[in-house]
Amino acid sequence: MIRQEEYISFLAKDYYDAFFELGHAIAGHNGPHGHEDTPVRNTAHYLIIYSYLYKKEREEKYLELCKKFADYLCDEQAKTVSGAIQCMVSDQFDHLNGLIGQAWVVDALLYYYEISKEERCLETARKIYLSQPYDKELHLWRRTELDGTDIGPDTTYNHQVWFAACAQKLEDYCEDLEVHDQIVDFLTKGADRDFRLYSDGLLYHSIGLPDKSIRRKLFIKTLLTPFAFLNPQKMDRKYIVKAYHIFDMYGFAMLKEKYGDLPLFSSDRFRRAVECALDITAYDRRNGVPCALKKGSSFNVFGYSYNAPAFEYPYVAQAFGTVDVSLNDRIFETQKKLMYDEQTKMFSRRNPDGETWNAKTYEIVRFLG
């Protein structure tokens, strides 16, 4: 058992009683972004963790909790007019957590459906997907609020990528949907515009629509992140980009499994983005990790303390290169040195949102198989 698997197993056992009593996971606040969440997001993440552990260990108590979690997610979705599900309490931006909030729930319900065959889960995933309409002219998905209001396209590129990646399994179950055609359009015409790289290979965080109002909204969104979690470096326009790149490419790794024959995946720009993602030494340097390890100074709060390489990098490397066990171990050791607390036995040091961070470790499941 690799150490990442040991950790999610530890979390599952440690949280089990509390989760079973609640019927859902404990809400966080969207990591360093600081937006108050409903329990939906973390429940979706843990649904994957417990489903994976049930498949591996066949403990009925895990399946019982999965059933509770799935029912909770389906019940929450059924409350809305649009078919979307509420992921955020905050009125600051939207109640969806953008497309990605919806994507995470679809992903979890479909993962659980594979072991349960509960039709309600498939139907709920389908409704969530349909609630966010695809814009064929813009080659991306628009957002629809809980009350059915069209609030425009999601301008965060990785939200679009992850929505496509998490929804792709729907085409296997729902032949009447246009999932395949929409994802192909997104990865061809959409990617021609939106898959943009900086000179160092980092992927742009925003879509490439030539709309000044969109760029202005993105800048305002950055400025409005609650001050409790602000690092002065956050005013660096590439601050988030530096920490999100592996996470971004994780979404493309998911899509590559089914759509790898499309031109994007064999393009030079995609190769550069992959090389950038796999260079963990450069990633650490960009995000201030060497200094943090030596002097205890701050590092990029959106990196190891939110988009944790120890739980994301192995799958990305597996999808685009070769699995290097020693490198995975080294990344885990870095994660541990930065964040592990011997008293709590969790990665709770330098962590602005422990509940969400722990839930997000579900990302290692794709690597585990």
Practice item. Report, in whole Å, the centroid distance computed from the Cα atoms of the stretch 97-159 and the stretch 239-271. Key: 20
Practice item. Among the listed pairs 242/336; 55/258; 61/256; 55/79, give every one whose C-alpha distance is greater than 25 Å. Key: 61/256; 55/79
Review point. Amide H to amide H under 5 Å from residue 206: which residues, 5+ apart in sequence or cross-chain, H placed 1.01 Å off N in plane?
Key: 157
Practice item. Excluding residues fewer than 8 places away in the same chain, name every one of the lysines whose C-alpha is closer than 19 Å to that of residue 136. Key: 189
Point to revise | Gaussian network model of the chain, springs between alpha carbon atoms under 10 Å - residue of 176, 284, 94 with greatest fluctuation | key: 176
**Study point:** Local net charge near residue 255, Cβ-Cβ under 14 Å (Lys/Arg +1, Asp/Glu -1)
**Key:** -3
Review point. Which residues' amide hydrogens lie under 5 Å from the amide hydrogen of residue 346, considering only partners 5 or more residues apart or on another chain, with H built in the peptide plane?
Key: 341
Check your understanding: Around residue 167, what is the net charge, scoring Lys/Arg as +1 and Asp/Glu as -1 over all other residues with Cβ under 10 Å from its Cβ?
Key -> 0
Check your understanding: How large is the charge dipole for the chain, taken about the Cα centre, if only the Cβ atoms of Lys, Arg (+1) and Asp, Glu (-1) carry charge, to the nearest 20 debye?
Key -> 1520
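No lab work stands behind these numbers, since they all come straight from the coordinates. Keep in mind the model is a prediction, meaning the values are calculated, not measured. Using ideal geometry, Cβ is built from the backbone for each residue, glycine included, and neighbour counts are taken over all protein chains shown.
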